[in-house]
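Values in this text are rule-based calculations from the coordinates and carry no lab data. Being a predicted model, the structure only gives us computed values, none of them experimental. All Cβ positions, even for glycine, are placed from backbone atoms using ideal geometry, and neighbour counts span all protein chains on display.
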């Protein structure tokens, strides 16, 4: 196991609702990224947080937002849920620097109905 | 923007035979390359990475990968496949310019036949 924990593991929401996903990073890691993995696809980068600031964002609309806390844990918030938001959401933590490997949590399976 | 191509959807190999999973990449500047494995309903597990130096990188569980700059490839290999190696394998790249995004390929399903 990586030491990155995500909650909840599964979630069912109705279209138009809002959802918050949570992630605890591995000890010593101050950089947290979130990815969306649709069924049968590779993970897609949503955004990254470093020292509580967003410092990189993928091609996702503003209704995807996040936070990082002083203990480096993080939240992903999605407003106005759409059916296409159904996916596995992965959190990854790492030390800073482009050469460092990311360690992933087990993911949160979000189903929007 | 960086990108990865994994041309095969599924790789079938007999147990005990060599396993190769192909990956080509596109990136500005020097690439940082990674391989991950994913088991059903689980997160991604890090296998190995190439940063610089020796083109042959050794990683976890007997896996290795060969970096080829001229062919922009980073193929994953294992000399003798096990049934337990059956999983989904992802190649990923990050550039050296401070772009924080890890770009993943679509993944390759590896099936090791007993």
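List of remarks:
- Subset of the stretch B:52-68 that is touching a strand residue (DSSP E or B) at 6+ places or on another chain (Cβ under 6 Å) and assigned to a loop (DSSP other than H, G, I, E, B) - its residue that is farthest from residue A:102 (Cα to Cα): B:55
- Total residues in the stretch B:25-49 satisfying the condition of being assigned to a loop (DSSP other than H, G, I, E, B) and either closer than 22 Å to residue A:8 by Cα or within 10 Å of chain A (Cβ to nearest Cβ) (or both): the figure is 7.
- Reported count of residues in the stretch B:69-87, each being buried (at least 17 other Cβ atoms within 10 Å of the Cβ), part of a strand (DSSP E or B) and out of contact with any helix residue (DSSP H, G or I) (no Cβ under 7 Å at 6 or more places or on another chain), is 5.
Residues checked against (1) crowded, with 19+ Cβ neighbours inside 10 Å; (2) out of contact with any strand residue (DSSP E or B) (no Cβ under 7 Å at 6 or more places or on another chain); (3) closer than 20 Å to residue A:82 by Cα:
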position: A:4; (1), (2), (3): yes, no, no
position: A:20; (1), (2), (3): no, no, yes
position: A:29; (1), (2), (3): yes, no, no
position: A:45; (1), (2), (3): yes, no, yes
position: A:49; (1), (2), (3): yes, no, no
position: A:63; (1), (2), (3): no, no, yes
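- Within the stretch A:65-113, tally of residues that are part of a loop (DSSP other than H, G, I, E, B) and more than 14 Å from chain B (Cβ to nearest Cβ): 11
- Strands (runs of 3 or more DSSP E) completely within the stretch A:5-56 that count 3 or more residues being within 14 Å of the chain's Cα centre (by Cα): A:5-7, A:19-24, A:31-37, A:44-50
- For the stretch B:100-114, the set of residues classified as in a loop (DSSP other than H, G, I, E, B) and at the interface with another protein chain (Cβ under 7 Å from one of its Cβ atoms) consists of B:100, B:101, B:102, B:105, B:106, B:107, listed by residue number.
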